[in-house]
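Read-outs: derived from the displayed coordinates by stated rules, not from any lab. Quick caveat, the model's predicted, so the values are computed rather than measured. Because the Cβ atoms are built from the backbone with ideal geometry, glycine has one as well, and the counts that use them run over all protein chains shown.
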Amino acid sequence: MDIRPRRNRKSAAIRNMVEETQVKTSDFIFPLFLLEGAGSKVEVDSMPGIFRLGLDPMLKEIEECVKLGIHTFDIFPVVDEHYKDKLATKSHDTSFFYHKALKKIKQEFPEVAIMTDVALDPYSSDGHDGIVENGKILNDETLEVLGKQALSQAACGIDIIGPSDMMDGRVGYIREVLDDAGFSEVSIMSYTAKYASAFYGPFRDALDSAPKSGDKKTYQMNPANQREALIEADLDVDEGADFLMVKPALAYLDVIKLLKDNYAQPIAAYNVSGEYAMLKAAAEKGWLDYDRVMAETLLSIKRAGADIILTYHAKEFAQL
Ligand code: PBG
């Protein structure tokens, strides 16, 4: 035998030297859920270890994470039902608790990168990402609201806008609205290939944002399709996206690889709520070694080609 692959596995020193992929804390974007009110802290039932946080505990959480080497956060609001309406008006109200909190967070941590979601669902009484009329999701009418939403977030000092709505033309529309208002330095991380997935369940529990009727299949992508991601990515690149995201991550590693091989933009992957919940549930039963499956999961996403990982495991991984 001339070739014995085991020679390169014979000691930790050699294994480490030939290791092809590493996960770093600077790869992470940590999603956080913001509650109205300063002090509250409520665990998400289907996401053990993840809390909905009021402003004070959120500031504390960010401070702890920064010490652990995490420097980017994606902040989602938990919006009480009485604030919701058909046009998601609160999504672009700069006096809303969410916007005020974003401003405060940027003031306290100017060096930290804050990302926000652009989509109507947490603010919509229909629970959809776009405006609903007679059971249909209106594309072009929704763009106007998304533009206002992006602008209101940019005005709070947000670094990265994350359109997660999957309306056609939204990246270009938002880019133009931002540029016209003087926010040309605000980045766009497009949810490029966002699939109509069952893995978002725990997130919708956390935000109480599930659709009141129907599903998201007329705007989010069919899980059966891979080549369609190239159409979405071409559009996003043309329209000025700075990052391309694939979501979910684990069941879509092939799509991450496809975008990595075809585009020069940094590729992000969203290791979503349901993926987190699966590992937690199995670990609670004692069926899996949580620390090891977490590390292996994040490694697989990186190995598939993701430069950036949005993950609820971020803090635990950093603590390890
Ligand atoms: C909102 C949005 C969703 C997620 C991120 N932004 C849910 C959805 O589209 O229904 C899911 C994140 C997760 O599951 O962790 N459009």
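Between the range 39-84 and the range 244-320, what is the C-alpha centre distance in whole Å?
Measuring centre to centre over Cα atoms gives 20 Å.
What does the charge add up to near ALA318, with Lys and Arg as +1, Asp and Glu as -1, over the other residues with Cβ less than 13 Å from its Cβ?
After counting each charged neighbour, the total is -2.
To the nearest 10 degrees, how steep is helix 97-108 against the longest Cα principal axis of the chain, on a 0 to 90 scale?
50 degrees
Net charge within 12 Å of PHE28 by Cβ-Cβ distance, Lys/Arg positive one each and Asp/Glu negative one each, not counting PHE28 itself?
-1
Can you give the angle from 0 to 90° between the axis of helix 170-180 and the longest principal axis of the chain, with both taken from C-alpha atoms, to the nearest 10?
The angle comes out near 70 degrees.
Helix 228-238 sits at what angle to the longest principal axis of the chain, using alpha carbons and giving 0 to 90 degrees rounded to 10?
On a 0 to 90 degree scale, this one is about 70.
Under the rule of -39500 (n - 2.57) per DSSP H run of 4 or more residues, summed and divided by the residues of the chain, what mean residue ellipticity at 222 nm is obtained, to the nearest 500 deg cm²/dmol?
Rounded to the nearest 500, the figure is -11000 deg cm²/dmol.
Along the charge dipole of the chain, pointing to its positive end and built from +1/-1 on Cβ of Lys, Arg, Asp and Glu, which listed residue (LEU244, ASN262, GLY49) has its Cα farthest out?
GLY49
Along each of the three principal axes of the Cα atoms of the chain, give the extent in whole Å, ordering the values from largest to smallest.
Principal-axis extents of the Cα atoms in the chain, largest first: 69, 44, 38 Å.
Which ordering of LYS315, LYS194, LYS90 is given by a fewest-first count of other beta-carbon atoms within 10 Å?
The most exposed by this proxy come first: LYS315, LYS90, LYS194.
When the Karplus curve 6.51 cos²θ - 1.76 cosθ + 1.60 is applied with θ = phi - 60°, which whole-Hz ³J(HN,Hα) does each residue of the range 257-270 get, with x for Gly and Pro?
5, 4, 5, 4, 6, 10, 9, 8, 5, x, 9, 10, 10, 9
Name the residues whose placed amide hydrogens come within less than 5 Å of the amide hydrogen of LEU310, ignoring near sequence neighbours (fewer than 5 apart) on the same chain.
Residues meeting the amide H criterion: ILE29, ALA269, TYR270, ASN271.
In sequence order, what are the phi-derived ³J(HN,Hα) couplings for the range 18-35 according to the Karplus relation 6.51 cos²θ - 1.76 cosθ + 1.60 with θ = phi - 60°, rounded to whole Hz, with x for glycine and proline?
Karplus values, whole Hz, x for Gly and Pro: 9, 5, 8, 10, 10, 9, 10, 5, 6, 7, 8, 10, 9, x, 10, 10, 9, 9.
With a 10 Å radius around each residue's Cβ, average the other Cβ atoms per peptide and rank 109-118, 18-27, 39-48, 68-77, highest first.
Taking the mean over residues of other Cβ atoms within 10 Å, the ranking is 68-77, 109-118, 39-48, 18-27.
Which residues' amide hydrogens lie under 5 Å from the amide hydrogen of TYR195, considering only partners 5 or more residues apart or on another chain, with H built in the peptide plane?
Close amide H contacts, sequence-distant or interchain: MET221, LYS247.
What full-extension length gain, to one decimal in nm, is calculated for GLU133 and ALA13 as 0.36 nm per residue of separation minus the Cα-Cα distance?
37.0 nm
Calculate the dipole size of the range 26-319 relative to its Cα centre from +1 charges on Lys and Arg beta carbons and -1 charges on Asp and Glu beta carbons; express the result in debye to the nearest 20.
Dipole size: approximately 580 debye.
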